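The block underneath contains the structure these notes are about, expressed in structure tokens.
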Amino acid sequence: MTDQRGDRDGIIRIGTRGSVLARTQAGHIRDALIRFGYPAELVIIRTEGDANRHDPVEKIGVGVFTQALRHALRADECDIAVHSYKDLPTAPEPDLTIGAVPKRVDPREVLIARGGATLSELPEGAKVGTSAPRRVSQLRAERPDLEIRPLRGNIDTRMARVGNDLDAVILARAGLDRTDKLTHEMQTLSVEELLPAPAQGALAVEHRSDDNEIALMLRRIDDAQSRYRAIAERMILEVLQAGCTAPVAAYSEIDDDGEMTLTAGVFAIDGSANIVRSAQGPADKPRDLGRLVAHRLVDADALDLMADDFR
């Protein structure tokens, strides 16, 4: 290996947050690289988002979970950084490149409820934990009687509140799947019930743009369909100039003929209104499809709906 990655004896240093989920996700990348013959190890990077487990993410700031990882990458403290793709800001970083989007896992949401209840079975006034505006807005539209409570912390901390001070919590299925905590008692919500965050369930493996050797290695673990879907969904955020914590959702599928169907929505925080639009197009032109759906949202006054929540 070249000296672009410092004096690491040929070992690829993988920067990751220290949470169980983050280490598990990065561990999958490490194991995949090792299978292709590239020695790799994890380097734990502490982020402000990990230190502050009380304030909602939108208060701490967009990109809070990525800034420290990117700093470590630029400072040559690691050779690649593993992000939850949905946490990345949409603004490009010219000196950094997403070299791989590994195969995506199920992006849907999961309800974990007292007694294994489903969303429709929750009693009137049930206390449900989630801090994501996108989830809050859709839950209020589906069940306006629910009492939505803020929720932060790692997966175990969130799950432990069920049966304690909460009747249920909403978590991403991807995190539960990757940490082997998914059970049959949990309800996986359909995308019609709760549209997921753009690129939820996808990982983004980032490297310094001038590190051509790492770029070649990461191509081995890239999954084209997962990359196309993430790009198309995140174009919604880019065109709407919305952050990853905005009440904006998107979901895509690719059929056997290489056609992608993209659905995206913008939601009022109080659950009183929503605008959802869809379109189809070639999967290998994800930006074009993303822009098409985003402009359909704009034409339907989605920007006005978003502005109402932030006035």
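Assorted remarks:
- The stretch 188-280, relative contact order in percent, only Cα pairs under 8 angstrom and at least six apart counted: 26
- Distance between the pseudo-spin-label points of residue 165 and residue 259 (7 Å out from Cα toward the beta carbon): 5.0 nm.
- Entries of 86/181; 86/285; 127/285 with Cα pairs more than 31 Å apart: 127/285
- Simple rule: put +1 on each Lys or Arg Cβ and -1 on each Asp or Glu Cβ in the chain, find the dipole, and look at 271, 80, 42; the Cα lying farthest toward the positive end is 42.
- In this rough spin-label picture, where each label sits 7 Å from Cα along the Cβ direction, the residue 298-residue 215 distance is 3.0 nm.
- Accessible surface, per residue, of the chain when the full set of protein chains is kept, probe 1.4 Å, Å²: 45
- Calculated SAXS-style log₁₀ I(q)/I(0) at q = 0.20, 0.23, 0.24, 0.25 Å⁻¹ - the stretch 138-190, Debye, Cα scatterers: -0.83, -1.06, -1.13, -1.20
- Full extension of the chain segment joining residue 77 with residue 20 gains 18.5 nm, where the gain is 0.36 nm per residue of separation less the Cα-Cα distance.
- Within the stretch 160-233, GluC sites (Glu not before Pro) in DSSP loop having at most 12 other beta-carbon neighbours inside 10 Å: 185, 192
- Solvent-accessible area of the chain (1.4 angstrom probe, protein heavy atoms only): carbon and sulfur portion equals 46 percent.
- Modelled spin labels at residue 156 and residue 103, positioned 7 Å past Cα toward Cβ, are 2.9 nm from each other.
- The chain - mean residue ellipticity at 222 nm from DSSP helices (-39,500 (n - 2.57) per run, n ≥ 4, rounded to 500): -9500 deg cm²/dmol
- Ligands, DNA and RNA aside, residue 159 has an accessible area near 50 Å² when probed at 1.4 Å.
- Summing charges over neighbours of residue 209, with a neighbour being any other residue whose Cβ is under 11 Å away from its Cβ, gives -3 when K and R count +1 and D and E count -1.
The values are calculated or read from the model by the stated rules, or taken from the named source; none is laboratory data. Remember, predicted model here, so these are calculated numbers, not experimental data. Neighbour counts are summed over all protein chains in view; Cβ atoms, including those assigned to glycine, are modelled from backbone coordinates with ideal geometry. Quick note on the areas: whole protein, heavy atoms, side chains included, nothing else; ligands and nucleic acids left out. Shrake-Rupley method; radii C 1.70, N 1.55, O 1.52, S 1.80 Å.
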